[in-house]
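A.B. asks: A single structure is presented below for examination.
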Amino acid sequence: MRSTVGRSSPVRNEGGSLLPSFVFRPIRYSQGSLTLVDQRVLPGRIRRLRPARARDVAAAIRGLVVRGAPAIGVAAGYGLALEARQLDDRQLRAGLRRAGRMLARARPTAVNLHRAVSCVLEPLADKTLTGDSLRRAVEARAMALDREEVARSLAIAAAGVVLLRDGARVLTICNTGALAAPGVGTALGIVFEAHLRGLQPRVCACETRPLLQGARLTMLELVRAGIRGRLIADSAAAAVVGDCDIVLVGADRIARNGDTANKVGTRMLAVLAREAGVPFYVAAPVSTFDPGCAEGKGIVIEQRDEQEVLSCLGRRSAPPGARAFNPAFDVTPARFISGFVTDRGIISRPFGPGIRRLLAVTG
């Protein structure tokens, strides 16, 4: 099925793809300069940062200037391109390897980050490349990765729109739009596609404590697109799930058996959806599937600073002496998942064979 995303008020991005005019472009690279939209200050203002080296990009990833599994992979790729420009010929190979290790460690759960670093550093294996030829090869890989993620995003939108009937009510968590994945996003990209087809989807967005990505980012993208949306407290999900037609979420890492790591609170939605008889779908590109991870127990869950929970929007909300537990993600067992919407189509049960075929095709 051919995607209609981008044929309404289209804007052409650097890779040549047509995208809707309402989507954000949080990562831009041109002539050796990288610009990131600082998502920490959205929706209040748009602030753009220009990192100079890989360490700046790693800090931006850790600090959530840029977030979302596909997006941080692309940002890391460009971080390596920036680093290549700063290193002299003698340091180039060793320096890029060090930068790659630093970037890959920036956030441990998202497999896209590790795969992106490996992809962009593949030219290091070609000993005929030296100096500027190696720099150009690394930069070309980073730009190609960006284009690939945009194409995957559009393909996910086209594949997943069949799940939404006219006026579908969608429950989601965190942010899975263009701010999280180059192009139109993953789960939210499906909603954008339905909107552009005139299907009038309606979205119920969990606010996503502690950093409010649902309130700050998803609602911002919905408002820009002109899509009807309601914001709920995370704890209100049980009250609304029965009124929804589908739960659509993204992913940061998917194991070979279908166990899925995503924003903390996702497993709660999956359990609620099962109880209510509502289908629960995960939307993610092939770059989020981890061939090296057999099941969810092998996924490392990032633990973030407890101050994110003890405060809200920068203001302390808990009393002095209070402590907090702050996992960034949880793992939803495959048994709670109805299917996966990928850039290669929808994977239905049983997931094992479908995921194996997906990984075999993509290498």
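A.B. asks: If you go through segment 109-134 one residue at a time, how many are in contact with a helix residue (DSSP H, G or I) (Cβ under 9 Å, 6 or more places away or on another chain) and either of a type in the set (D, E, K, R) or surrounded by 15 or more Cβ atoms within 10 Å (Cβ to Cβ) (or both)?
C.D. replies: 18
A.B. asks: Next question, about the same structure. Has segment 306-317 got any residue that is outside any strand (DSSP E or B), farther than 30 Å from GLY167 by Cα, hydroxyl-bearing (Ser, Thr, Tyr) and modelled with pLDDT of 95 or more?
C.D. replies: Applying the first criterion (outside any strand (DSSP E or B)) to segment 306-317 yields 306-310, 313-314, 317.
Among the residues that remain, those that are also farther than 30 Å from GLY167 by Cα are: 306-310, 313-314, 317.
Now narrow it down to the ones that are hydroxyl-bearing (Ser, Thr, Tyr): 317.
Narrowing the set further to residues that are modelled with pLDDT of 95 or more leaves 317.
Yes.
A.B. asks: Another one. Please enumerate the residues belonging to segment 39-72 that are of a type in the set (Val, Ile, Thr) and surrounded by fewer than 16 Cβ atoms within 10 Å (Cβ to Cβ).
C.D. replies: If we filter segment 39-72 for residues that are of a type in the set (Val, Ile, Thr), which is where we start, we get 41, 46, 57, 61, 65-66, 72.
Result: VAL41, ILE46.
A.B. asks: Could you say which residue among GLU148, GLU139, GLU122 is touching a strand residue (DSSP E or B) at 6+ places or on another chain (Cβ under 9 Å), modelled with pLDDT of 95 or more, among the acidic types (Asp, Glu) and not assigned by TED's automatic domain parsing to the domain that holds ARG224?
C.D. replies: Numbers: GLU148 fails: touching a strand residue (DSSP E or B) at 6+ places or on another chain (Cβ under 9 Å); GLU122 fails: touching a strand residue (DSSP E or B) at 6+ places or on another chain (Cβ under 9 Å).
Going through GLU148, GLU139, GLU122 in turn, the sole match is GLU139.
The values are calculated or read from the model by the stated rules, or taken from the named source; none is laboratory data. All of these numbers come straight from a predicted model, not from anything done at the bench. Methodologically, a virtual Cβ is constructed for each residue, glycine included, from the backbone with ideal geometry; neighbour enumeration extends over all protein chains shown.
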